[in-house]
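The values are calculated or read from the model by the stated rules, or taken from the named source; none is laboratory data. This is a predicted model, so every value here is computed, not measured. Positions of Cβ are backbone-derived with ideal geometry, glycine not excepted, and every protein chain shown enters the neighbour counts. Please note that ligands, DNA and RNA were not included when accessible areas were found on the heavy atoms of the full protein model with its side chains. Shrake-Rupley method; radii C 1.70, N 1.55, O 1.52, S 1.80 Å.
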Number of protein chains: 2
Amino acid sequence: MAAEEDAEALAAARPLLTDLYQVTMALGYWRAGRAHDHADFELFFRRCPFGGAFALFAGLRDCVRFLRAFHLRDADVQFLASKLPPDTDPAFFEHLRGLDCSSVTLRALPEGSLAFPGVPLLQVSGPLLVVQLLETPLLCLVGYASLVATNAARLRLIAGPEKRLLELGLRRAQGPDGGLTASTYSYLGGFDGSSNVLAGQLRGVPVAGTLAHSFITSFSGSEVPPEPMLAPAVGEGPAVNLPAHVKVWLERVCAHLGLGVQEPHPGERAAFVAYALAFPQAFQGLLDSYSVCRSGLPNFLAVALALGELGYRAVGLRLDSGDLLRQAQEIRGILQSTAARFQMPWLERVSITVSNNVDEEELARLVQELVCVGGQPRMKLTEDLEKQTLPGKKAAFRLLDADGSPLLDLLQLAEEPSPQPGQELRVWPRGAQEPRTVRPAQVELLLGLWVHRGQLCQPLPSLAESRAFAQRSLGNLRAAHRRLQSPEQYQVALSERLQALVGSLSTGSSL
Amino acid sequence: MAAEEDAEALAAARPLLTDLYQVTMALGYWRAGRAHDHADFELFFRRCPFGGAFALFAGLRDCVRFLRAFHLRDADVQFLASKLPPDTDPAFFEHLRGLDCSSVTLRALPEGSLAFPGVPLLQVSGPLLVVQLLETPLLCLVGYASLVATNAARLRLIAGPEKRLLELGLRRAQGPDGGLTASTYSYLGGFDGSSNVLAGQLRGVPVAGTLAHSFITSFSGSEVPPEPMLAPAVGEGPAVNLPAHVKVWLERVCAHLGLGVQEPHPGERAAFVAYALAFPQAFQGLLDSYSVCRSGLPNFLAVALALGELGYRAVGLRLDSGDLLRQAQEIRGILQSTAARFQMPWLERVSITVSNNVDEEELARLVQELVCVGGQPRMKLTEDLEKQTLPGKKAAFRLLDADGSPLLDLLQLAEEPSPQPGQELRVWPRGAQEPRTVRPAQVELLLGLWVHRGQLCQPLPSLAESRAFAQRSLGNLRAAHRRLQSPEQYQVALSERLQALVGSLSTGSSL
């Protein structure tokens, strides 16, 4: 987990991971004498992904790493020079060579926080030119991580807290790091682990995996294991020839199920035997390479029962195609009858895993807007009202009920006093025509200080800690907001002063 | 472009970029004495993405790099040991330590080829255990690259050959490498370039970019450029104060357009002036930060005309929201009338760029199946007939008409003689009940030998060469197949011998 081991993270921290327009704009600022102007950027999103009423914020650790490593090498500056006009003042490139984030300050939600539309995820302060160059990489690092974590949290809500959820998407991932990011933040969002070994090695994500169809179809049944003998799980009993025992059990199982003993595929059975010899304590079957009921299941049962005789307990079976629910129900029934028939009660409770495509219905857009530069609040007013951005540097609070459930998120100007627990205050829910009053039992400051002028201010939690934090936060969210379909929108409100400022700026724009 | 510069590529070449089930299966093979069995894998897809009738194959260069670098370090092996049963035979880990791809052979379509369902993209041959470990990374490297390239090719077909297409997706990309991969393969598929600077630095993708809303909204209009003077583009004339000239031109433009001179936003104009001072030869405007017609366009025209007086020609303008087509048409009309009014005819032809979300409608699945191990053809028969895989090691040919347009792709057994130009042959189109005859004017061998027992056999083309190859290939494809909506499916056919083998295996399975 050491950072120096994580070549992917180092690669991601390359300062040229940005859009060329950020660099041309940097030259524009520099030429306008504004490189050192103080700027505050906020990053937020406008709509929750997947039609839900919440998102999880993730990617903070990557942002912190990026900021702390930010520095343009000579080769980077030379490359940029090759893409800018040849008569560009060389002093601009000298300026680029000296850049780092030692004047940059980062406030952010804790990793794994619940996040709502319009509430800043990150606030970045520093010299305008540097902060502009950070925009694309920070968006890139936060957007996908938060999307994946939110998706995982939704699937966790569907599955409930007990079911085991594994992410197996590497082979279909958006390139190597797309896969690494997806595995990491699926875990943060609530999955139990991933098949991605590199995510385990580099990020400490629990990894899991058994076998795939290619293993099974690679056996014809004529293979002879070099070491077919298996000793009992406990005790001093003699080792037995596993394939021979499986053959005996196959006849019993087929008689019980009313199948011909020739029906189950011999290659599939040889594959199961090979896997059982390698993993007697963790035998699992993948049943749908041929026919689930006429081949996969009887072969699995024969191997599981032969292992059972030796004191080993099969761990589970997996289905990867067809009508998963119907098959799982049928199989559960057969496991029960087989367990009773052969007096192996543990067989009833063998886990059934199903795998298929986890479709993320759409990729939500996490967008960011420049909010405030040089202390002069300014609103981005476009002809698309949806895109209005709140002006000024803001503070954000989560107001909570006595039971810890969030009531609303409050945005106010940074200089306003904090809301106090137990005190009533009047706020303007976004989109509402009228103010409302609210009396929070608890108040949380949402945006913590993580990096102050380039220095880390507090230790970053581990991935597992952030995962636990996310699950606790989700647990406190009211069911109406947590609902995945047609949820009630969570309220984000403005303080009276912020509301008044928005009103005055909006009026000004229609002149 | 040097490989050692490309830290991302090195990171992507990490051997643990694989699924844990590949490793458990490797142990299963090893325990079964099958680690050195000869295996052939083929990678193909079943359906073209985006509802089309073609895909572009991409990712070969990354696969070749992965194979050549493949080696498990001690730390990798130790990590794997920590995830496998503690009683695993240490000899297995010794075997892993000695692994490389020196016995692996790779055949593949050329990078940028047209690819069709069921026709192999890659054929990988070598020892079973190694080849199994390669499955996930090769799928990961080819799948996303091909998907992005295909998407780009479709957008290029929509846009036609002349329009400039830029990929600007980094800020919304699936993590840093997801972005780098997308930028690289959008270019290969037919885009002109990307905003992603790292893709330019590491992969040679042409990069482009100008300015974003944040630049414009960061100016209030009260800024004073430290160097407001601009010299004429050519000749010896005196430098002029650009902001002052812009002010004069703004009055003329507003009078021409019937706008009050106070309406255009002064901050937007200050931003345009700052950008023009930095890029007088390449001035562009982004018009929709405030109101396009009442602010963005008059401000742009004032700056463009002031530059025009000095002999500079504005490059273009950009729209990023609203009804792009309608606005572009209106603006073209205003450019024409303004060009006529002020006798600056070049202004008529200023380019109008529109940017908005390029929605990839769905992520297609590129899947792979184990086809043949140990020389024994075997078919993966599942209860889902869609998933049937063709048996045996195959050769693939593209049969072409006299005008170079592809007629069909032919799959046959590797040992069959190649089809000959001008000779009639009988083939079985997939899914058809009857054979057909075809007389190709030209025959192309589809799967070239790229890596033979670990050694590169022919130089990989450059990214730009592959891009040109893709465009030529697409140009030769019949319009009916190239059509994006409801295209005619391109025929993939089997030789008579392969068809007979499929028939015998299918029959065998129903015993």
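Checked against the criterion of being within 13 Å of chain B (Cβ to nearest Cβ) and modelled with pLDDT of 85 or more, the stretch A:150-162 contains one or more residues that satisfy it. If we scan the stretch A:199-208, do we find a residue that is closer than 30 Å to residue A:291 by Cα and either polar (S, T, N, Q) or free of Cβ contacts under 8 Å to residues at least 60 places away in the same chain (or both)? Yes, the stretch A:199-208 contains a residue that is closer than 30 Å to residue A:291 by Cα and either polar (S, T, N, Q) or free of Cβ contacts under 8 Å to residues at least 60 places away in the same chain (or both). Is it true that residue B:486 is of a type in the set (Gly, Ala, Ser), surrounded by 13 or more Cβ atoms within 10 Å (Cβ to Cβ) and either in a helix (DSSP H, G or I) or at pLDDT below 90 (or both)? In short, no. Restricting attention to the stretch A:1-31 and to residues that are aliphatic (A, V, I, L, M) and touching an Asp or Glu at 6+ places or on another chain (Cβ under 6 Å), the residue that is modelled with the highest pLDDT turns out to be A:16.
So, in the stretch B:431-454, of the ones that are open to solvent by 60 Å² or more (accessible area, probe 1.4 Å) and modelled with pLDDT of 90 or more, which residue ends up farthest from residue B:500 (Cα to Cα)? Don't jump to the end; show me each part of the working.
Just the residues of the stretch B:431-454 that are open to solvent by 60 Å² or more (accessible area, probe 1.4 Å), to begin with: B:431, B:433-434, B:436-437, B:439, B:442, B:444-445, B:452-453.
Cutting the leftovers down to modelled with pLDDT of 90 or more gives us B:434, B:436-437, B:439, B:442, B:444-445, B:452.
Working: B:434: 13, B:436: 15, B:437: 16, B:439: 21, B:442: 26, B:444: 24, B:445: 22, B:452: 31 Å.
Checked the stretch B:431-454; the qualifying residue farthest from residue B:500 (Cα to Cα) is B:452.
You will find that of A:79, A:66, the residue that is under 21 Å from residue B:200 (Cβ atoms), open to solvent by less than 10 Å² (accessible area, probe 1.4 Å) and of a type in the set (Phe, Trp, Tyr) is A:66 and no other. Of the residues making up the stretch A:321-339, just one is open to solvent by less than 40 Å² (accessible area, probe 1.4 Å) and assigned to a loop (DSSP other than H, G, I, E, B), namely A:321. Determine if the stretch A:285-303 includes at least one residue that is at pLDDT below 95, surrounded by fewer than 19 Cβ atoms within 10 Å (Cβ to Cβ) and within 23 Å of residue B:34 (Cα to Cα). Checked the stretch A:285-303: no residue is at pLDDT below 95, surrounded by fewer than 19 Cβ atoms within 10 Å (Cβ to Cβ) and within 23 Å of residue B:34 (Cα to Cα).
If the condition is being surrounded by 16 or more Cβ atoms within 10 Å (Cβ to Cβ) and either part of a loop (DSSP other than H, G, I, E, B) or under 34 Å from the mean Cα position of the chain (by Cα) (or both), then the stretch A:304-319 contributes A:310, A:312, A:313, A:314, A:315, A:316, A:317, A:318, A:319. Cβ-Cβ contacts under 8 Å between residues 6 or more apart (or on different chains), taken from a first residue in the stretch B:272-297 that is at the interface with chain A (Cβ under 9 Å from one of its Cβ atoms) to a second residue that is open to solvent by less than 10 Å² (accessible area, probe 1.4 Å) and among the acidic types (Asp, Glu), are listed as B:289/B:268; B:290/B:268. Taken together, the residues in the stretch B:164-193 that are part of a helix (DSSP H, G or I) and modelled with pLDDT of 85 or more amount to 9. When the criteria are applied in full, residue A:106 meets the requirement of being modelled with pLDDT of 90 or more, in contact with a His (Cβ under 9 Å, 6 or more places away or on another chain) and more than 11 Å from every other protein chain (Cβ to nearest Cβ). When residue A:177 is tested against (1) within 13 Å of chain B (Cβ to nearest Cβ); (2) at positive phi, only condition (2) is not met.
Against the numbered list (1) open to solvent by 30 Å² or more (accessible area, probe 1.4 Å); (2) within 12 Å of chain B (Cβ to nearest Cβ), residue A:135 comes up short only at (1). One residue stands out in the stretch A:225-254 among those that are open to solvent by less than 10 Å² (accessible area, probe 1.4 Å) and β-branched (Val, Ile, Thr): the one that is nearest to the other protein chains (Cβ to nearest Cβ), namely A:246. Picking from residues in the stretch B:320-371 that are among the polar types (S, T, N, Q) and modelled with pLDDT under 75, the one that is nearest to the chain's Cα centre (by Cα) is B:357. Scanning the stretch A:465-483 for residues that are aliphatic (A, V, I, L, M) and open to solvent by 50 Å² or more (accessible area, probe 1.4 Å) gives a single hit, A:479. Specify the residue that is nearest to residue B:55 (Cα to Cα); the eligible residues are those in the stretch B:201-224 that are buried (at least 24 other Cβ atoms within 10 Å of the Cβ) and more than 7 Å from chain A (Cβ to nearest Cβ). The extreme case among them is B:205. Within the stretch A:455-464, the set of residues being outside any strand (DSSP E or B), touching a helix residue (DSSP H, G or I) at 6+ places or on another chain (Cβ under 9 Å) and open to solvent by 40 Å² or more (accessible area, probe 1.4 Å) comprises A:460, A:464.
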